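This report concerns only the one structure given below.
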Ligand code: HEC
């Protein structure tokens, strides 16, 4: 989806002479592979890792080590939050790795 939208942008970019900048964006979008489990997070944290309201933190571009620690802390209950606790409990280590990898390499807002 990101790829397709950007591709259209790139075609427009050729016409307007902005193709250089778009090429970079396109390459970035291509390198971000979205694991299916991300769909659990996007209603709140957004598909681009930007919280949908001020009470929901942005995940995009946060250091992977930090994101992982937070998810493990929600899962174990050391960091308390009713919504995140329930969600984190349903995640296995492989899913946490995939989510951390995805959100940490998105461009920060
Ligand atoms: C129902 C909404 C909701 C969903 C769905 C949700 N989150 Fe959250 N998340 C929150 C809220 C609200 C906070 C802020 C918690 C707090 O204030 O301590 C948060 C905090 C976090 C944090 C800590 C961020 C920080 O800056 O400290 C991480 C990491 C996180 N969520 C990851 C995820 C992941 C990964 C998913 C998908 C598996 C997910 N969340 C799904 C609402 C949600």
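Rule-based calculations on the coordinates, nothing more; no lab input. Values in this document were obtained by computation on a predicted structure and should not be read as measured data. When we count neighbours, we look across all protein chains shown, and the Cβ atoms used for this are built from the backbone with ideal geometry, even at glycine.
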Q: Being under 12 Å from the mean Cα position of the chain (by Cα) and on the phi < 0 side of the Ramachandran plot narrows it down to one of 73, 98, 88, so name that one.
A: 98
Q) Within segment 95-109, how many residues turn out to be surrounded by fewer than 18 Cβ atoms within 10 Å (Cβ to Cβ) and not in a helix (DSSP H, G or I)? A) 4
Q. Hey, any hits in segment 70-85 for a residue that's surrounded by 15 or more Cβ atoms within 10 Å (Cβ to Cβ) and in contact (Cβ under 8 Å) with a residue 40 or more places away in the chain?
A. no
